[in-house]
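This report concerns only the one structure given below.
The values are calculated or read from the model by the stated rules, or taken from the named source; none is laboratory data. Bear in mind the structure is a predicted one, so any value in this text is a computation, not a measurement. Cβ sites come from the backbone with ideal geometry, for glycine too, and all protein chains shown count toward neighbours. Side chains included, ligands, DNA and RNA excluded: accessible areas come from the protein's heavy atoms. Shrake-Rupley method; radii C 1.70, N 1.55, O 1.52, S 1.80 Å.
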There are 2 protein chains.
Amino acid sequence: MKVGYIGLGLMGNPMSKNLVKNGHEVTVWNRTASRMQELVEAGAKASRSAAEVACNSEFIFTNVSDSADVEEVVLGEGGIIEGASAGSVVIDNSTISPDVTKRIASKLSEKSVDMLDAPVSGGDIGAAAGTLSVMVGGEREIFDRCLPVLKAIGTSITYCGEIGLGQATKLSNQILGLGNMAAACEAIVFATKAGVDPEALINAWAGGAANSWMMANLGPKIFKRDFAPGFMVDLAQKDLRLVLESASEMNVPLLTTPIVNQMYRSVQQDGDGTDGIQAYVKALEKLAGMEIGS
Amino acid sequence: MKVGYIGLGLMGNPMSKNLVKNGHEVTVWNRTASRMQELVEAGAKASRSAAEVACNSEFIFTNVSDSADVEEVVLGEGGIIEGASAGSVVIDNSTISPDVTKRIASKLSEKSVDMLDAPVSGGDIGAAAGTLSVMVGGEREIFDRCLPVLKAIGTSITYCGEIGLGQATKLSNQILGLGNMAAACEAIVFATKAGVDPEALINAWAGGAANSWMMANLGPKIFKRDFAPGFMVDLAQKDLRLVLESASEMNVPLLTTPIVNQMYRSVQQDGDGTDGIQAYVKALEKLAGMEIGS
């Protein structure tokens, strides 16, 4: 099929490559043009604008940073809306505001262009392997039509409901995961101060009712002081901002999530925003006057 | 071996039975005497006091509710200390204060009686199956000596360090697990208010980086409004009280754990303290003016 991919960052690069590998005819565009070279070598065609990508594609993926970036690349000058033909579908892999998503979809529908919000989870490793979890919002019929291309980027494709609910599901996923990270760090700081050996802790926690993906995968990194990013603090903070904005719009009180957000702010203020999310422990360490694993 | 078991509650009953099944010569005592009948039928011998159990046993397990209960059954009138011979070992399966544990061990050592703290995780199901995770504190040499009896009650036996560190490990396990529960409930309330279907949520969360034992096992119960206890709110609150006391003694600031404690207090004040810990969601529902899954 004729597929477009706009936004060739850490995630968009491997995701668009998987579309090429799956035999689709892929046209790409990226604001920083040099990033397109790698995709051209992989077999994609470079474009001069998002509009040009849209012109050549039945399915147009977008994967940019934040709500305003999606708005610009879809509705702005030289944007998708200028090139897309009636019946084509914009599939947004970015994580952005559910409300902005609805607004963009409504503008596109005026030109008979459809939209799905399809944020992903699974990191750059899942993106490269094509094993992402994709959370999709939009009309069921459009979802069904897009399934063949969605299957090129992920293994778990979940239909979440109307437009915007893919984003709502993704945001709830971040409440859960980052909340688990915060709990993991409090447990680590408590047990370390008490004097328990890291290996004993990891052994005792593993496989029990307290276990989480975050503790199992990032806990050992904390003990080794390995703060290399799988998922970056700055991006987690963007997601938490979207969570708190959306919760405020829906009048949903959240109690522990705002604390997680403030603790990550402290990590950012110390210049560690490009660390992985396990750097949450650094803010706790400051409060506790101690350092884990050193 | 000659083994004693004191405290035949929900956990102590199946744990002492497993000691019988493993071929040990088991003597039991319980404050409410009628609870001993089942164990006698299983092949254990009933006693008239904790002291009498100690008299007949090389390894004396205790499994009662709280710090004061362990103190009484070990050091009080008719307690273990009155009957235990030099070289025997008290193995405490209760979850209590690490500091009280150290004090009890020190009193026992005056009579050359050894002690291990060995709180467990895995619930009544793990207790019955003999698959508990056991977190052990005390001298390494005593731990090695007790391994054969410990293996009758659990499959994952972790040596955590000196006396009290089994309890510290268990308390950190509760910070982690109950923190994961709180994050799960915030994610569920947020996504439900947004209008996402429960099945879509559970599918999207499962297997991803946000997953936890709590969400995978208790999340579906929340959507079904099944609040039957695996682990009871009142017992979780006892553990959180021990966590916060211990954190205060060690000068470790915890940020999200006290909120979890206060939310569970609201569940208790509504008379739901005997619900399972998934009832955390009830306090959030009150704040959000909504009910999940109804």
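Worth pointing out:
- Chains B and A together bury roughly 4900 Å² of accessible area, counting both sides, with a 1.4 Å probe on protein heavy atoms only.
- Subset of A:Lys17/A:Lys45; A:Lys286/B:Lys238; B:Lys2/B:Lys170; A:Lys282/B:Lys238; A:Lys238/B:Lys193 violating a 19 Å alpha-carbon distance limit: A:Lys286/B:Lys238; B:Lys2/B:Lys170; A:Lys282/B:Lys238; A:Lys238/B:Lys193
- Shortest-first nm distances, B:Ile202 label point to equivalent points in other copies (7 Å, Cα→Cβ): 3.2
- Computed over the range B:38-164, the Cα gyration tensor eigenvalues convert (square root of 5λ each) into semi-axes of 20, 18, 14 Å, ordered from largest to smallest.
- Column: log10 I(q)/I(0), Debye, Cα scatterers of the range B:40-101, q = 0.23 Å⁻¹: -0.96
- Cut-off under 5 Å, modelled amide H: who pairs with A:Val28 long-range: A:Tyr5, A:Lys45, A:Ala46, A:Ser47
- Taking only protein heavy atoms and a 1.4 Å probe, the accessible area of the protein assembly as shown is 50% carbon and sulfur.
- FRET efficiency, 1/(1 + (r/R0)^6) with R0 35 Å, evaluated for B:Arg265 and B:Ser112 via beta carbons: 0.20
- Peptide B:279-287 has a mean shielding of 1, counted as Cβ atoms of other protein chains within 10 Å of each residue's Cβ.
- Under-5 Å amide H pairs with A:Ile153, H placed in peptide plane, nonlocal only: none
- Test item: B:257-270 mean partner chain Cβ contacts at 10 Å: 1
- For the range B:1-69 versus the range A:183-256, the inter-centroid distance based on Cα atoms is 39 Å.
- Using alpha-carbon coordinates, inclination of helix A:257-269 to the longest axis of chain A, degrees: 90 degrees
- For the range A:183-290, average projected area of the Cα convex hull in nm²: 7.3 nm²
- Whole-number D in µm² s⁻¹ for the protein assembly as shown, Kirkwood Cα-pair radius fed into Stokes-Einstein, 25 °C, 0.890 mPa s: 95 µm²/s
- Taking packing as the residue-averaged number of other Cβ atoms within 10 angstrom, the listed peptides B:268-277, A:163-172, B:150-159 run from highest to lowest as A:163-172, B:150-159, B:268-277.
- Rounded if a/c under 1.5, otherwise prolate or oblate - the range B:9-76, Cα gyration tensor axes: prolate
- The value for the range B:91-162 of Rg(Cα) / (2.2 N^0.38 Å) is 1.09.
- Per-peptide average of other Cβ atoms within 10 Å, ordering A:198-207, A:95-104 highest first: A:95-104, A:198-207
- In nm, spacing of pseudo-spin labels at B:Glu38 and B:Ile202 (7 Å Cα→C-beta vector): 2.9 nm
- Label-point distances for B:Ala42 to the equivalent site in the other copies, using a point 7 angstrom along Cα→C-beta, read 5.9 nm when ranked shortest first.
- Largest first, the residues A:Leu75, A:Leu254, B:Leu10 sort by 1.4 Å accessible area into B:Leu10, A:Leu75, A:Leu254.
- An ellipsoid equivalent to chain B, defined through the eigenvalues of its Cα gyration tensor, has semi-axes of 38, 20, 17 Å when rounded to whole angstrom and sorted largest first.
- Summed side-chain charge close to A:Arg31 - residues other than A:Arg31 whose Cβ falls under 10 Å, Lys, Arg +1, Asp, Glu -1: -1
- Using the 1.4 Å probe convention, the accessible area of chain B works out to 37 Å² per residue with neighbouring protein chains retained.
- Local charge for B:Glu285 was computed over the other residues whose Cβ lies under 12 Å away, with Lys and Arg +1 and Asp and Glu -1, and equals 0.
- Backbone HN-Hα couplings from phi across the range A:237-244 [Karplus 6.51/-1.76/1.60, Hz, Gly and Pro as x]: 5, 4, 5, 5, 4, 4, 4, 6
- For A:239-249, mean number of other protein chain Cβ atoms within 10 Å: 1
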